[in-house]
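A short worksheet on the structure shown next.
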Amino acid sequence: MPAVRASDGPVAVTGASGYVGSHVVVALVKKGYTVHACVTQLDNPDKTEHLLALNKSDYPGIVKLFSGNLLQEGSYDTPFTDCTAVLHAGTPMGYGRANNPRQIYDGAINGTKNVLNSVKKVDTVRRFIYTSSFSAIHHPMKPGYVFTEKDWATDNRENDPNWTKDRIDVDGDMAYSMAKVECEHMANQFAEKDGRFDVISVCPIAVLGPLLSRVHERMYSWQWFLGRMLAGEPCERQWNALWNIVDVRDVGESQALMIESDVCKNGWRYQLSATDESGEIDALQLQAHLQKLFPHINVGGPPDEIHKKIEKYGAVFQAPIAHCDKAREELGLKTHTIEDTLYETGKTMIDLGLVNPALK
Ligand SMILES: NC(=O)c1ccc[n+]([C@@H]2O[C@H](COP(=O)([O-])OP(=O)(O)OC[C@H]3O[C@@H](n4cnc5c(N)ncnc54)[C@H](OP(=O)(O)O)[C@@H]3O)[C@@H](O)[C@H]2O)c1
């Protein structure tokens, strides 16, 4: 389908109040789009004020708020009316056990189904961008393996007892990965059959970068763990493997580039991960980066016993290795540096009062 331009009509974003969704909205407003930002709670200022503030900025586009619930059929018929593109960033997440594994799985599948049905009804959409995840790419491989868009989480699972629908109720990580794979296939097939729009998926890994609202600090998210380190607490996540980091602004910008791309075709996907090795860091390197960026703070690191192990035996598993070469080459995405990403994450968390920094 032909690419989309701001002058063609409005575009819609689901999950627009969320961390990723908000940055998709920003990227679109910067390009001059009228954005139908779909949120669950129009009366919650933490979910809307940072979006409405864009209407007072110098950016050429505008934001219009709509309410939408992924779990209600037809909920997006009105917000999608006249839209040329839909960017589907919303899904029930498991942060802080907000949803159980079954709700994560069913919410992703049913939410995406409902959104696709609304797209079909409005008849004006030419591009549909689905926010999938690296979880739809990653599968067990030896450390050092370089993942690309050709990889699927379903690869090499023939003899894997942990990859089975029987575990959806008990294994949140698996339920999430399986749902992301199925949603990508469902959306691609839906578009192929419909013939009026193309689906392109993005697969981000560990997303960090500026928070725009207090609600962007979801418990147990990557940014939440980084915040705990700035509070001087131990880094409890991913000390046994690499943090493969992508900037949330790059996740937003790449999606705006996708709706305008003459290259993207139905079924294509883009891995959004570290630009290169500079963004693939272990917990000690993360701590060292943060310490340099925030010299007045006593930054926490891996728990003591782990710290000693990493120092003695060297880095943890060299995985996951994955670079966003395809997005950079095909879309012309210009990525932020790891220092900028880490600094903006920490600074905005402190400015928003989400972190009480462990001052020296
Ligand atoms: N952050 C990462 O590291 C990462 C990595 C890979 C992929 N992703 C993907 O990026 C997307 C956004 O995640 P995020 O990290 O930005 O999480 P988030 O801040 O929690 O955003 C999720 C969004 O989904 C919305 N949502 C949840 N249930 C809904 C429902 N029933 N109806 C309508 N909207 C609903 C939420 O709205 P309310 O807040 O109003 O409930 C929120 O705006 C997800 O698809 C996620 O899988 C994220």
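The values are calculated or read from the model by the stated rules, or taken from the named source; none is laboratory data. Model, not experiment: these values are computed from the prediction. Neighbour counts run over all protein chains shown; Cβ positions are idealised from the backbone, glycine included. The protein model used for the area step is the full one, side chains on, heavy atoms only, and it has no ligands, DNA or RNA in it. Shrake-Rupley method; radii C 1.70, N 1.55, O 1.52, S 1.80 Å.
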Considering only residues of segment 275-316 that are polar (S, T, N, Q) and without any contact (Cβ under 8 Å) to a residue 24 or more places away in the chain, which is least open to solvent (accessible area, probe 1.4 Å)? Q291
Residues within segment 1-45 that are within 14 Å of the ligand (Cβ to nearest atom), open to solvent by 70 Å² or more (accessible area, probe 1.4 Å) and either charged (D, E, K, R) or in contact (Cβ under 8 Å) with a residue 60 or more places away in the chain (or both), tallied: 1
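One line per residue, one yes/no per condition, for (1) under 21 Å from T337 (Cβ atoms); (2) open to solvent by less than 10 Å² (accessible area, probe 1.4 Å); (3) in contact (Cβ under 8 Å) with a residue 40 or more places away in the chain:
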{"residue": "F225", "(1), (2), (3)": "yes, no, no"}
{"residue": "P234", "(1), (2), (3)": "no, no, yes"}
{"residue": "W239", "(1), (2), (3)": "no, no, yes"}
{"residue": "D247", "(1), (2), (3)": "yes, yes, yes"}
Considering only segment 89-100, I want to know if a residue exists there that is open to solvent by less than 20 Å² (accessible area, probe 1.4 Å), under 17 Å from N69 (Cα atoms), within 12 Å of the ligand (Cβ to nearest atom) and not aliphatic (A, V, I, L, M). yes
The listed residue being touching a His at 6+ places or on another chain (Cβ under 6 Å) and either part of a helix (DSSP H, G or I) or farther than 25 Å from A6 by Cβ (or both), out of V20, V115, V24: V115
For segment 46-56, give me the residue count where each residue is within 23 Å of D77 (Cβ to Cβ) and near the ligand (Cβ under 10 Å from one of its atoms). 2
How many residues of segment 185-203 are within 17 Å of T154 (Cα to Cα) and surrounded by fewer than 24 Cβ atoms within 10 Å (Cβ to Cβ)? The answer is 3
Counted residues in segment 163-184 being in a loop (DSSP other than H, G, I, E, B) and either on the phi > 0 side of the Ramachandran plot or open to solvent by 30 Å² or more (accessible area, probe 1.4 Å) (or both) come to 5
